Every structure is written in C-alpha cells, then in structure tokens.
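Engineer: Input: one structure, supplied below.
The values are calculated or read from the model by the stated rules, or taken from the named source; none is laboratory data. Nothing here was measured: the structure is a model prediction, and the numbers come from that model. Quick reminder, even Gly has a Cβ in these numbers, built from the backbone with ideal geometry, and neighbours come from all protein chains shown.
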Amino acid sequence: MDMNKTLIDCMQLLRRRVRNEQGLDIHLHQADAIAALLMASRTSRDPQTHELGERLARLIEADEPSAVAALAVHQAESPPDTVRVRIYRGQRVLG
C-alpha cells in the first residue's frame, strides 16, 4: 500500500487521540498499525475519534479496496465487544 502525506497525517492524528484517550501506544511502523488504529477508533467513545477512524478507512479504501475488504473480514470475526485489553510493561494493549 502506498503511504502518502494525507494518510500519514490522518494516522498520526488518530494515534495521538487514541494514546490520550485509551492509553494505547500504537507505532506507525507496526505491521498492523492501521488495523489497530481502526479497532481503537471503533471502541472509542469520542465522536471526533470515530470520525478520524472513518476518514482513515476512506483513505485506505481509495488506495487499496482489497485491504479494506480484508480488514472488514478481520473485524467481523472479532467484534469490538470481545476485545481484550492487556497490560504489557505498563501500557494497555489490545488483543
């Protein structure tokens, strides 16, 4: 997938919001960073975080529709209600 400035800016904004709201530390170089950001935005209670997650999903869909389909299948298999939160070295981790 091509990473352009708009996509990276959106990911950085969403990453900051998720870190401040939920205490999750998601790094952009992680292989599953986009999926983790989308999952965290779905579990957030803040409407602005939801909007950023939707914007990220639209940007990804415009770039690679097959990646969005794969993410949708992954999210359908594990709904947000069954997400476990673990503590690893003082950080909350989804999984």
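Engineer: Restricting attention to the stretch 15-28, does a residue exist that is surrounded by 14 or more Cβ atoms within 10 Å (Cβ to Cβ), touching a helix residue (DSSP H, G or I) at 6+ places or on another chain (Cβ under 8 Å) and modelled with pLDDT under 85? Let's see the steps before the verdict.
Structural biologist: As a first pass, look at the stretch 15-28 and keep what is surrounded by 14 or more Cβ atoms within 10 Å (Cβ to Cβ): 15, 17-19, 21-22, 24-26.
Now narrow it down to the ones that are touching a helix residue (DSSP H, G or I) at 6+ places or on another chain (Cβ under 8 Å): 15, 17-18, 21-22, 24-26.
Imposing the further condition that a residue be modelled with pLDDT under 85 reduces the set to none.
Within the stretch 15-28, not a single residue is surrounded by 14 or more Cβ atoms within 10 Å (Cβ to Cβ), touching a helix residue (DSSP H, G or I) at 6+ places or on another chain (Cβ under 8 Å) and modelled with pLDDT under 85.
Conditions tested, residue by residue: (1) in contact (Cβ under 8 Å) with a residue 12 or more places away in the chain; (2) under 17 Å from GLN91 (Cβ atoms); (3) among the charged types (D, E, K, R).
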{"site": "GLN12", "(1), (2), (3)": "yes, no, no"}
{"site": "ARG19", "(1), (2), (3)": "no, yes, yes"}
{"site": "ASP25", "(1), (2), (3)": "yes, yes, yes"}
{"site": "LEU37", "(1), (2), (3)": "yes, yes, no"}
{"site": "ARG42", "(1), (2), (3)": "yes, no, yes"}
{"site": "HIS50", "(1), (2), (3)": "no, no, no"}
